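The values are calculated or read from the model by the stated rules, or taken from the named source; none is laboratory data. Being a predicted model, the structure only gives us computed values, none of them experimental. Reconstructed Cβ throughout: ideal geometry from the backbone, glycine too, with neighbour counts over all protein chains shown. What goes into the accessible areas is simple: the full protein's heavy atoms, side chains included, and nothing from ligands, DNA or RNA. Shrake-Rupley method; radii C 1.70, N 1.55, O 1.52, S 1.80 Å.
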Amino acid sequence: MTFEAPPSDLVDRLVYANRILYDQGIVDGLGHVSVRHPTQDGVFLLSCNRAPGLVKRQDIVCYDLDGNAVSQTTERPYLERFIHSEIYRARPDVVAVVHSHSPSVIPFAITHNPLKPVFHMSGFLGSGSAHFEIREAAGNSDMLIRSAYLGEALAKSLGKHNCVLMRGHGSTVVGTSLEQVVYRAIYAEVNAKLQLAANGLGEISFLNEEEAQLASDMNDGQIPRSWNLWVTRLGQVDIGN
Ligand code: MN
């Protein structure tokens with residue numbers, strides 16, 4: 001099978017996804033976003049080892065589901081690319097993945113409390129986020145998903161959920177498009193802030209499963225409006241050649 005280069009507009013959108021996630025405070029020097037190759041089965045696009053706020057077109061590399069580069073590159077890969085490869089392997093419905101250490105989700109991850117949808121913007125959380133305990137898979141570790149084995153364990157914990165909280169580390173969200181997964185990463189963080197703010201005020205009425213699904217479906221139709229705003233907010237961006 002000959003390797004087809006990914007469409008240039010998808011590469012551009014992935015560069016913008018990186019820049020948006022940094023601009024919105026979801027990723028910092030670390031964290032990453034990927035998307036499936038539209039025509040090559042078992043291949044996905046992810047930046048090389050670059051801070052998301054600095055990613056350019058030439059940094060985007062294609063990897064297979066074993067985490068090996070299949071396009072020409074001399075750059076180092078992200079250590080945690082196995083988060084992406086193993087979720088794509090386990091979840092054929094997933095088209096895009098964001099991994100971040102966005103701070104407001106950490107209190108939930110370390111207390112084993114799920115994020116649950118407090119408002120319509122986070123209906124994608126459904127009945128709640130999943131939880132990953134790396135100690136069960138690896139004993140004491142540096143907390144990173146640095147192998148296919150750990151990626152597989154994370155994907156197993158994610159199950160059918162759209163969001164998995166990683167104890168002592170961060171979170172990973174999945175979606176059916178690049179724009180949708182960026183939206184979900186942003187609103188997982190917003191939901192965490194709001195859920196924390198409501199804590200102690202009284203019993204929280206979360207969206208129930210049907211409300212969550214209806215709200216999620218409704219919001220999916222509105223994502224281009226937010227995406228256009230996030231891109232415009234970036235102003236002039238040098239995304240390279
Ligand atoms: Mn990480």
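Return yes or no: is residue 64 open to solvent by 20 Å² or more (accessible area, probe 1.4 Å), touching a residue at least 60 places away in the same chain (Cβ under 8 Å) and acidic (Asp, Glu)? Full working, then the answer.
Values: open to solvent by 20 Å² or more (accessible area, probe 1.4 Å): yes; touching a residue at least 60 places away in the same chain (Cβ under 8 Å): no; acidic (Asp, Glu): yes.
In short, no.
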- Query: Quick one: would you say residue 193 is open to solvent by 80 Å² or more (accessible area, probe 1.4 Å) and touching a helix residue (DSSP H, G or I) at 6+ places or on another chain (Cβ under 6 Å)?
  - Reply: yes
Of the residues in segment 144-156 that are within 15 Å of the ligand (Cβ to nearest atom) and open to solvent by 40 Å² or more (accessible area, probe 1.4 Å), the one that is nearest to residue 100 (Cα to Cα) is 144
Scanning segment 73-92 residue by residue, those away from the ligand (no atom under 15 Å from the Cβ) and open to solvent by 10 Å² or more (accessible area, probe 1.4 Å) turn out to be 73, 74, 75, 76, 89, 90, 91, 92
Of the candidates 70, 95, the one satisfying the condition of being surrounded by 17 or more Cβ atoms within 10 Å (Cβ to Cβ) and of a type in the set (Val, Ile, Thr) is 95
Got at least one residue in segment 106-116 being open to solvent by 60 Å² or more (accessible area, probe 1.4 Å), in contact (Cβ under 8 Å) with a residue 24 or more places away in the chain and in contact with a Ser or Thr (Cβ under 9 Å, 6 or more places away or on another chain)? yes
